[in-house]
1. Asp180: net charge of surrounding residues, Cβ under 13 Å, Lys/Arg +1, Asp/Glu -1, itself excluded?
2. What do the square roots of 5 times the Cα gyration tensor eigenvalues come to for the stretch 117-250, in whole Å, largest first, as semi-axes of the equivalent ellipsoid?
3. What ³J(HN,Hα) values, in whole Hz, does the Karplus curve 6.51 cos²θ - 1.76 cosθ + 1.60 give for the stretch 228-236 when θ = phi - 60°, with x put for Gly and Pro?
4. What 222 nm value per residue comes from the helices of the chain, counting each DSSP H run with n ≥ 4 as -39,500 (n - 2.57) and dividing by all residues, nearest 500 deg cm²/dmol?
5. With θ taken as phi - 60° and the coefficients 6.51, -1.76 and 1.60, list the Karplus ³J(HN,Hα) couplings across the stretch 152-162 in order, rounded to whole Hz; mark glycine and proline as x.
6. Looking only at chymotrypsin sites (Phe, Trp or Tyr not before Pro) in DSSP loops with at most 15 other Cβ atoms within 10 Å, what is the longest site-free stretch of the chain?
7. At most 14 other C-beta atoms within 10 Å and a DSSP loop state: those are the exposed GluC sites (Glu not before Pro) I care about. Give me the longest piece of the chain that has none.
8. Could you derive backbone 3J(HN,Hα) for the stretch 24-33 from the dihedral phi with the Karplus parameters 6.51, -1.76 and 1.60 (θ = phi - 60°), listing whole Hz in sequence and x where the residue is Gly or Pro?
Amino acid sequence: MIKFIVANWKLHPVTAQEAETLFKSVLGGVKGVKNVDVAVCPPAIFLPLLNQIKVKKIVLGAQNLFWEEKGAYTGEISGPMLRQFGCRYAIVGHSERKQYFYETDETINLKLKAAFKAGLKAVLCAGESDRGASEKEVAQILETQIQNALAGIPKGRLADLTIAYEPVWAIGTGLTVTPDDALKAKLFIKKVLMNLYDRPSAERVRILYGGSVNSKNISDFVQILDGALVGGASVDATEFVKIVKIASLA
Ligand code: PGA
């Protein structure tokens, strides 16, 4: 399976000028790098600008979307709106959305459905919050989150789904899971998908790791999983390009 590296810029950078410079540096760095898919998810307001620059090598994604297409929902952005500005992916259910914007399993499910309906591919995030959680607890948390997120979603949609295993305690902390635990999570997620759907559908879903990924640890993760969701290191063009290049060799 071709590796997939997703940049989640979060609330960075502040200016359009900086966003353009960062995007162009990343583009320049990854041009000609083969055997890896790359998506960049900037703050939504920069999508129209970056969509004008974009070349084939990088696809654009959103960090979030709303579940209705339109209506009285102040401050929200819908899937069809994102599509118009070149978005092909949407991150759904990121833990920061749960923490600061009160997203729940139910709204994540609605957002996932809305993403697919709008023709977006989704990167669904799942993972435990507590670093001390046992293997059994992690498995239970992943199962519940994934089952609830996928409720009512037909198996045909799995071709458009990527799941990012993101232990919340590893996000932005410099801590990561061990390669062994990353593998256990991947296998467990596949098992959940297989139980919910079937083996061929489960096989199609790429499983990423997210949480303090950088150019020094990425090789561990891309040997085991199908790629990474990169936060902090994705707004440093040199670092992100290194990550993409290492993933392309895995
Ligand atoms: P991080 O963020 O790489 O800064 O830990 C990952 C994420 O939140 O997706």
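The values are calculated or read from the model by the stated rules, or taken from the named source; none is laboratory data. These numbers were taken from a predicted model, which means no experiment stands behind them. Please note: Cβ atoms are built from the backbone with ideal geometry, for glycine as well, and neighbour counts cover all protein chains shown. Remember, those area values only see protein heavy atoms, side chains included, never the ligands or the DNA or RNA. Shrake-Rupley method; radii C 1.70, N 1.55, O 1.52, S 1.80 Å.
1. Values: positive: Lys184, Lys186; negative: Glu135, Asp181, Asp220.
Net charge in that neighbourhood comes out at -1.
2. Details: eigenvalues 115, 64, 34 Å².
Each semi-axis is the square root of five times an eigenvalue, giving 24, 18, 13 Å.
3. So the Karplus estimates, Gly and Pro as x, are 8, 9, 10, x, x, 6, 7, 9, 10 Hz.
4. Values: 10 runs with 107 residues, N = 250.
Computed ellipticity for the chain at 222 nm equals -13000 deg cm²/dmol.
5. Working through the residues one at a time gives x, 9, x, 5, x, 6, 5, 5, 9, 10, 10 Hz.
6. Working: sites that count: Tyr73, Tyr102.
Longest gap between qualifying sites, sites excluded: 103-250.
7. With a cap of 14 other Cβ atoms within 10 Å, the longest stretch comes to 77-250.
8. So the J values, rounded to whole Hz, are 5, 5, 5, 4, x, x, 9, 4, x, 7.
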